[in-house]
Amino acid sequence: MKPTTFLPLLLLGTALATPAAAQTARTVIHAGHLIAEPGKPAKGASTITVEGGKIVSIADGHQPADPGATVIDLKDKYVLPGLIDSHVHLTSDAGGIAGQLEEVTLSPAAQAFNAEVNGMKTLRAGFTTVRNLGDGDGATLALRDAILAGKVQGPRIVDAGASISGSAGHMDGSLGYRDELRPFFAGAGNTCNGADDCRRAVRLQIGRGADVIKFASTGGVNSRIGAGLGKQMFDDEAQAIVDTAHLFGKKVAVHAHGADGIRLALAAGADSIEHGTILDEATIAAWAKTRTYYVPTLSTVNGYKERIAANAAAYEPDVLAKIQWRIGITGRSLEALVPRGVRIAFGTDAGVSKHGRNADEFELLVAHGMTPVEALKAATVNAADLLGLSDQIGTITSGKSADIIAVASNPIADVTVLKKVDFVMARGEVVD
């Protein structure tokens, strides 16, 4: 990759870069109601003081501000921690054939611009942190660093680099292309065969700067191959991936639909399982004995339905058949796992669904077995724990990052109010 590949990204949004003065100025937020830690009772009128991008203090009532402080009036709002989406793909929200076309027409620089725009849609929707689980060209790695450096505005990004799978598995980018083109698309180094090669694939992503490792233990709904949704990786390969990631202190997210692939991921020590669509009693029982998170990604069905409604030929026939199956079965795993005490973290698979509409997931979580409190906790306290960031985000607590949002009414009474966020602050900066 040429050194100048991401120059447009570094220049993008310079007007949004955070001035040093904005990071050191004191801001006082007067909240009408404060849900400081979802899962615990809300407080009434409260004052939150922010300085240097951090929460300095929280006090009962509406306290007077020091001279020179900026006062933000949210006295008629419910104030709560910035939301966390544990499963997004920021570079696109095109799907099916249109998504495949983007892969061969958009440059890494163009994908970087897409990622910045989608990141802002996500941030404005109240999601101040995301875990980006798959980007072969490094656009989101670069965006993560640009946001951290204050060059552009966007959500905090925990990034997986390129997702890993066995050859011909769900993350094999060469699937669906003519034979003479496949070597080009298979050249990302993210596919592996055998335990040693899978260790290499993990080390490659860590060397690129990945924060987390993602791999696919099963086939995928959008895979352009008729190999089903069952297990597509050997036990020693999965174990090598998890062990290598953990050796470097990285958590592991596993794409898994089939029960056999879910059990493989659980046995290997995965930190989260994404989708988790097909379950049997043996798999549920095994899962309940672990601390592995479930990230349901129910919102995928919204994206599928909308694309098919707009264009009946949006997906190839073999992919469409899997999509129709996915729509029909969505939510059943969550209904089975919640009563068994499996930990749930919020994640949408945005990119399959539309960026900026991440909060649609809340309604689906509640429809399939979670209480509003549990759903909100999944998008704050639980997701922060999954990402290894509980000391920084997930609650409104002194010393943590000033990631704060506000909505018009009580989200515990009606989670749909989270679809319209009235105020967003990310790392102490108010988002326009």
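The values are calculated or read from the model by the stated rules, or taken from the named source; none is laboratory data. Because the structure is a prediction, the values reported are computed rather than measured. Virtual Cβ from ideal backbone geometry, glycine too; neighbours counted across all protein chains shown. We work out accessible area using only protein heavy atoms, side chains counted, and drop any ligands, DNA or RNA first. Shrake-Rupley method; radii C 1.70, N 1.55, O 1.52, S 1.80 Å.
Under the Kirkwood approximation applied to all pairs of distinct alpha-carbon atoms, what is the hydrodynamic radius of the stretch 304-381 in Å?
For the stretch 304-381, inverting the mean 1/r across all distinct Cα pairs yields 13.9 Å.
Past the 18 Å Cα-Cα mark, which pairs from LYS40/LYS289; LYS231/LYS305; LYS289/LYS377; LYS43/LYS77; LYS250/LYS354; LYS77/LYS419?
As for pairs spanning more than 18 Å Cα to Cα, those are LYS40/LYS289; LYS231/LYS305; LYS289/LYS377; LYS250/LYS354.
Using the 2.2 N^0.38 Å rule of thumb for compact globular proteins, work out how the stretch 203-310 stacks up: its C-alpha Rg over that value, please.
With N residues counted in the stretch 203-310, Rg over 2.2 N^0.38 Å equals 1.12.
Placing +1 at every Lys and Arg Cβ and -1 at every Asp and Glu Cβ, with all other atoms neutral, what dipole size does the stretch 65-119 have around its Cα centre, in debye to the nearest 20?
100
Which three semi-axes in whole Å describe the equivalent ellipsoid of the chain, each the square root of 5 times a Cα gyration tensor eigenvalue, listed largest first?
35, 25, 20
State, to one decimal in nm², a quarter of the convex hull surface area for the C-alpha atoms of the stretch 59-122, i.e. the direction-averaged projected area.
If I average the Cα hull's projected area over directions, I get 7.9 nm².
Return the Rg/Rh value of the stretch 362-406, two decimal places, where both radii are evaluated on C-alpha atoms and Rh is the Kirkwood radius.
Result: Rg/Rh = 1.04.
Taking all protein chains together and a probe of 1.4 Å, list ARG200, ARG332 from the most accessible to the least accessible.
Ranked from most to least accessible, the order is ARG332, ARG200.
Taking the Cα atoms of the stretch 289-432, what is the range of coordinates along each of the three principal axes, in descending order and whole Å?
Cα spread of the stretch 289-432 along its principal axes, largest to smallest: 53, 43, 28 Å.
Projected onto the charge dipole of the chain (+1 at Lys/Arg Cβ, -1 at Asp/Glu Cβ, origin at the Cα centre), which of ALA45, LEU365, PRO411 gives the Cα projection farthest towards the positive end?
ALA45
If the convex hull of the alpha-carbon atoms of the stretch 20-70 is projected onto planes in all directions, what is the mean projected area in square nanometres?
3.7
Let me check against my output: what whole-number percent is the relative contact order of the stretch 301-373, with C-alpha pairs under 8 Å and at least 6 apart?
38
What order do GLU363, GLU429 take when sorted by accessible area (1.4 Å probe), most exposed first?
Descending order: GLU363, GLU429.
About its Cα centre, how strong a charge dipole does the stretch 353-421 have in debye, to the nearest 20, once Lys and Arg get +1 and Asp and Glu get -1 at the Cβ?
I would put it at about 200 debye.
Would you mind computing, in nm to one decimal, how far apart the modelled labels at ASP145 and LYS305 are, each placed 7 Å from Cα along Cα→Cβ?
Between ASP145 and LYS305, the simple spin-label model gives 4.1 nm.
Give the percent of DSSP beta bridges with both residues in the chain that are antiparallel, rounded to the nearest 5.
40
When the helices in the chain are scored as -39500 (n - 2.57) per DSSP H run of 4 or longer and the sum is shared across all residues, what 222 nm value do you end up with, to the nearest 500 deg cm²/dmol?
So the calculated ellipticity at 222 nm is -9500 deg cm²/dmol.
Size of the dipole of the chain about the Cα centre, Lys and Arg at +1 and Asp and Glu at -1 on the beta carbon, nothing else charged, in debye to 20?
340
Largest first, what is the accessible-area ranking of ARG291, ARG208 with a 1.4 Å probe?
Order by accessible area, largest first: ARG291, ARG208.
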